[in-house]
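Report on the structure given below.
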Amino acid sequence: MPGVVFPREANDRLHDAPLRRKPTINDVAQIAGVSFGTVSRVLNDAPDVSASTRERVLQVIKDIGYRRNRAATALVTSRSTSIGILSDGSPRFGPVGTLLALENVARKKGYATTVMSVERPYEVSVQAALDSLDDTGVGGIMVIAPLVDMAAAVQNASCRVPVEMIAAGASATPNVFTYAENQELGARLATQHLIDLGHTDIAHFAGSMDWFDGRVRKRGWEAALGDAGLTPGLCIEGDWSPRWAYEAGLRLVQEGQIPQAVFAASDHTALGLIRAFAESGVRVPEDVSVVGYDDVEGSDFFLPPLTTVRQNFNALALMSTEVLIAAMEGRDVDRTPVVPTLVVRNSSTRAASHNTP
């Protein structure tokens, strides 16, 4: 196997002998003409290194292909460079988007991740998974817990490292702290948008109440209507799927219960509902305004393009990771929830237009 030839040192001498082993931090120091400690400070992004020295060290690292040994770093600093991520394995948009964003952010911050999924009965699988992650030497664990019964199992479990649960509206316990996007606010934004358009009969196609997301989005819908002095209208709870929403929408048309507007708990729910209306001759938004939640890829190509609430998974992952690392290091950080954004498109319009010829 060909070796790696050292580049020029600071004194312009060449190392012509190939390096037939993995480059070490000592190799970096020798070639850059600095001490071991200086290289270590550069790797740890310490402020007490001049810009020129930092640039030279980073260039040597790039030239010889040095890669930090995480295990060795953990032994020297007594700090783990690995984070565990526990998921319920759900294929739904929210959990999957959160998982991918968490892994990406952790990697960029220099942390390896070990991902495990659990299944029912959670009171058994959750504790076993936490024990397994702990045994691998992770410094902390992030749990994506969309389901209420999974969260209960996490809260009742024990673990020797910090455990953070990402679950909208879930309560913290002495063993588990929580972080999430403010989804209740997102539901308020969606509902308030419809209220501002003049709608007073606003139904909610809700997600499953087995999910925290379903609960807090319903709560936001109710709160926005209550603040406006309006009585919550029709609320139908389902499984988030387009099929369920499509079938429920057909029943609404058949029973003559079409509302002025609908806040759907997810974009996929909105998609099924809009198809049911279209097949029944009910126009969106001329006859019914529809607002979704998630801003899934392609929601701007729904027919009509969907007004929705955008979740910021990157911001959620960044803040969640910051919160966990701070707990691992014994310091406090701001835990203000991430704020979602209302994206207005063509599926919602003013109530007055419903009565125009």
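The values are calculated or read from the model by the stated rules, or taken from the named source; none is laboratory data. Small disclaimer: the values here were computed from a predicted structure and weren't measured. Methodologically, a virtual Cβ is constructed for each residue, glycine included, from the backbone with ideal geometry; neighbour enumeration extends over all protein chains shown.
How many of the residues making up segment 140-159 are in a loop (DSSP other than H, G, I, E, B) and small (Gly, Ala, Ser)?
Number of matching residues: 3.
Does Asp239 count as of a type in the set (D, E, K, R), surrounded by fewer than 17 Cβ atoms within 10 Å (Cβ to Cβ) and at negative phi?
Spelling it out, Asp239 is indeed of a type in the set (D, E, K, R), surrounded by fewer than 17 Cβ atoms within 10 Å (Cβ to Cβ) and at negative phi.
At pLDDT 95 or above and within 15 Å of the chain's Cα centre (by Cα): does that describe Val154?
No: the conditions fail for Val154.
Being within 20 Å of Asn182 (Cβ to Cβ), modelled with pLDDT of 95 or more and among the aliphatic types (A, V, I, L, M), is that true of even one residue in segment 214-223?
yes
Given the structure, is Gly272 more than 21 Å from the chain's Cα centre (by Cα), surrounded by 15 or more Cβ atoms within 10 Å (Cβ to Cβ) and small (Gly, Ala, Ser)?
Judged against the criteria, Gly272 is a match.
Could you check Ala265 against (1) over 22 Å from Pro337 (Cβ atoms); (2) under 27 Å from the mean Cα position of the chain (by Cα); (3) buried (at least 20 other Cβ atoms within 10 Å of the Cβ) and say which number it fails?
(1)
Yes or no, residue by residue, for (1) assigned to a helix (DSSP H, G or I); (2) outside the structural domain of Leu234 (by TED's automatic domain parsing); (3) more than 25 Å from Leu342 (Cα to Cα):
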site	(1), (2), (3)
Val126	yes, yes, yes
Leu130	yes, yes, yes
Val138	no, yes, yes
Val161	no, yes, yes
Ala170	no, yes, no
Asn175	no, yes, yes
Ala187	yes, no, no
Met209	no, no, no
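Select from segment 266-276 the residues that are free of Cβ contacts under 8 Å to residues at least 40 places away in the same chain and touching a strand residue (DSSP E or B) at 6+ places or on another chain (Cβ under 8 Å) and list them in ascending order.
Listed by number, the list is empty, since nothing qualifies.
Which residue pairs have Cβ atoms under 6 Å apart, sit 6 or more places apart or on different chains, and have a first residue in segment 93-114 that is over 23 Å from Leu43 (Cα atoms) and a second that is surrounded by fewer than 18 Cβ atoms within 10 Å (Cβ to Cβ)?
Ala101/Asn314
Restricting the search to segment 14-24, which residues are within 14 Å of Gly65 (Cα to Cα) and at pLDDT below 80?
Within segment 14-24, Pro18, Leu19, Arg20, Arg21, Lys22 meet the criteria.
Please go through segment 98-112 and give me each residue that is within 23 Å of Ala153 (Cβ to Cβ) and either out of contact with any Leu (no Cβ under 7 Å at 6 or more places or on another chain) or of a type in the set (A, V, I, L, M, F, W, C) (or both), ordered by number.
Leu99, Leu102, Glu103
Within segment 225-242, does at least one residue satisfy the condition of being in a strand (DSSP E or B) and among the acidic types (Asp, Glu)?
Yes, segment 225-242 contains a residue that is in a strand (DSSP E or B) and among the acidic types (Asp, Glu).
Restricting attention to segment 39-98, which residues are at pLDDT 85 or above, within 28 Å of the chain's Cα centre (by Cα), assigned to a loop (DSSP other than H, G, I, E, B) and hydroxyl-bearing (Ser, Thr, Tyr)?
Passing the criteria: only Ser90.
Does segment 130-156 hold any residues that are surrounded by fewer than 23 Cβ atoms within 10 Å (Cβ to Cβ) and within 24 Å of Glu329 (Cα to Cα), and which are they?
Correct list: Asp131, Ser132, Asp134, Asp135, Thr136, Gly137, Gly139, Gln155, Asn156.
Which ones in segment 297-309 are crowded, with 21+ Cβ neighbours inside 10 Å and over 10 Å from Arg345 (Cβ atoms)?
Correct list: Val309 only.
Hey, can you tell me all the residues within segment 198-236 that are of a type outside the set (Val, Ile, Thr), surrounded by 15 or more Cβ atoms within 10 Å (Cβ to Cβ) and touching a Pro at 6+ places or on another chain (Cβ under 8 Å)?
Result: Asp201, Ala203, His204, Trp211, Phe212, Asp213, Trp221, Glu222, Leu225, Gly233.
Just to be sure, is Ala248 among the hydrophobic types (A, V, I, L, M, F, W, C), in a helix (DSSP H, G or I), in contact (Cβ under 8 Å) with a residue 12 or more places away in the chain and touching an Asp or Glu at 6+ places or on another chain (Cβ under 9 Å)?
Judged against the criteria, Ala248 is not a match.
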